[in-house]
1. Given (1) in contact with a helix residue (DSSP H, G or I) (Cβ under 9 Å, 6 or more places away or on another chain); (2) open to solvent by less than 40 Å² (accessible area, probe 1.4 Å); (3) modelled with pLDDT of 90 or more, where does GLY187 come up short, assuming only one miss?
2. If GLN31 satisfies all but one of (1) within 19 Å of VAL103 (Cβ to Cβ); (2) in a helix (DSSP H, G or I); (3) among the polar types (S, T, N, Q); (4) at pLDDT 85 or above, what's the number of the condition it fails?
3. So, in the stretch 114-131, exactly how many residues are surrounded by fewer than 16 Cβ atoms within 10 Å (Cβ to Cβ), part of a helix (DSSP H, G or I) and in contact with a Leu (Cβ under 9 Å, 6 or more places away or on another chain)?
4. Is the stretch 73-83 home to any residue that is surrounded by 15 or more Cβ atoms within 10 Å (Cβ to Cβ), out of contact with any Leu (no Cβ under 8 Å at 6 or more places or on another chain), at pLDDT 90 or above and at negative phi?
5. Let me spell it out: the conditions are (1) at pLDDT 95 or above; (2) surrounded by fewer than 23 Cβ atoms within 10 Å (Cβ to Cβ); (3) of a type in the set (Val, Ile, Thr), and THR160 meets all of them except one. Which number is the exception?
6. Go through the stretch 150-168 and give me each residue that's in a helix (DSSP H, G or I) and either touching a His at 6+ places or on another chain (Cβ under 9 Å) or over 17 Å from SER122 (Cβ atoms) (or both).
7. With the condition kept exactly as written, say whether any residue in the stretch 248-255 is closer than 28 Å to THR131 by Cβ, buried (at least 19 other Cβ atoms within 10 Å of the Cβ) and touching an Asp or Glu at 6+ places or on another chain (Cβ under 6 Å).
8. Only residues that are outside any helix (DSSP H, G or I) and under 19 Å from the mean Cα position of the chain (by Cα): list them for the stretch 212-270, please.
Amino acid sequence: MSNEDLAGGLEKAAKAGLILGWDDVFGLHMQVRGGPEAASRVADELAEADFDATTQAGGAERLKREGCELMFLGAAARNESEAKEVRSLLLEKGHEVHPAKGVERVPCPYGERLRPLLRRGSYFEGTKPPTVAELGLAAEDGAELLRMAVDPEFDVSWNTDAVWAPAWAWFLIGELKPPGAETVLVGLLDRLDRAEGDEAGSVILPKVFGRIGPEVAPALVAVLRDESRQTGSRWAAADGLKEIALARPQTRAEMVAILTAQLDEQAVRDETINAAIICDLIDLEAVESAAVIERAFLARRVDETIPGDWDEVQVALGLKEPSRLGSGLGPYGTQPVRRETPKVGRNDPCSCGSGKKFKKCCGG
């Protein structure tokens, strides 16, 4: 083989065969033939032109092809017309791009009424969730919502609006209450024990349980009592009971009694769960639970970095004036114990420096 032939063969090997596709869930994407190395080269070339690209190992299974690396595009992902710009760039680099014109369209797996959830974007505390009336949903949409709620297609690493669709579906399920809703939503608590930093689940699921109401309380109590579980799911279950009480004031006494009873049983066990329950009782202004809360503190089974010490909890419940803390005396006229470290909230960054939330790290 001549040097020219060898050089030509190496040049051809360095170029990848590409298939441009468009999907209503994830937008513009590519199938890259030639393995991970070829995909990495294409990503570098796109980065030079300010197009973010990443290969996908998890999720989006219906888009994947045997022998290809699936790649999502950032700047182009929101606009199908920008496929022309991407195509021109790839052709300039000598790649084979298919189809010859346009893009390969992949059918959307969800009906028209649910498609707005794919473009709704991320959830922030205080964001108004979608409603059944807003989307014009009916009972027959329940099965599709349940499918979206647990669809592994959305378990991708790419930060796109579509990955929030399941979370929006949770809210709608809590309102529509299709058959099987409780089983699916309570089952989602499992992911809080195995998914690193699942902030959406820990914040949104309790609010969804509040939408469902007291009928989901027995299932949440079962999760809260299950000591074989990790902290994440149990904490969210306690928060769910609180949210039921906040959403339906007529259930407050029942939910406070459940949380208080669990704290009384828990007083010699998990310090973090005790702290979580106390936080929920504070939010519910459960003055009637003060005696049980005090017993938990006296048993030294409360992580005081979360709700504060007993003095601070009394102030939060309105049982003591804040100025009392400045007297230098504890509740019984003794010198109070001072924390050497500041109080850490459940959603604050962990003080160990891991970058994770406290409850998903040392608090777990």
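The values are calculated or read from the model by the stated rules, or taken from the named source; none is laboratory data. Small disclaimer: the values here were computed from a predicted structure and weren't measured. Positions of Cβ are backbone-derived with ideal geometry, glycine not excepted, and every protein chain shown enters the neighbour counts. For accessibility, only protein heavy atoms count, side chains too; no ligands or nucleic acids. Shrake-Rupley method; radii C 1.70, N 1.55, O 1.52, S 1.80 Å.
1. GLY187 satisfies all of (1) in contact with a helix residue (DSSP H, G or I) (Cβ under 9 Å, 6 or more places away or on another chain); (2) open to solvent by less than 40 Å² (accessible area, probe 1.4 Å); (3) modelled with pLDDT of 90 or more except (1).
2. Only one criterion in (1) within 19 Å of VAL103 (Cβ to Cβ); (2) in a helix (DSSP H, G or I); (3) among the polar types (S, T, N, Q); (4) at pLDDT 85 or above is unmet by GLN31, namely (2).
3. 1
4. Applying the first criterion (surrounded by 15 or more Cβ atoms within 10 Å (Cβ to Cβ)) to the stretch 73-83 yields 73-77, 80, 82-83.
Checking the rest, the ones that are also out of contact with any Leu (no Cβ under 8 Å at 6 or more places or on another chain) come to 74-75.
Narrowing the set further to residues that are at pLDDT 90 or above leaves none.
No, the stretch 73-83 contains no residue that is surrounded by 15 or more Cβ atoms within 10 Å (Cβ to Cβ), out of contact with any Leu (no Cβ under 8 Å at 6 or more places or on another chain), at pLDDT 90 or above and at negative phi.
5. In the conditions (1) at pLDDT 95 or above; (2) surrounded by fewer than 23 Cβ atoms within 10 Å (Cβ to Cβ); (3) of a type in the set (Val, Ile, Thr), THR160 misses (1) alone.
6. PRO152, GLU153
7. For the stretch 248-255, residues closer than 28 Å to THR131 by Cβ, buried (at least 19 other Cβ atoms within 10 Å of the Cβ) and touching an Asp or Glu at 6+ places or on another chain (Cβ under 6 Å): absent.
8. Once the filter is applied, which keeps residues that are outside any helix (DSSP H, G or I) and under 19 Å from the mean Cα position of the chain (by Cα), the stretch 212-270 yields ARG229, GLN230.
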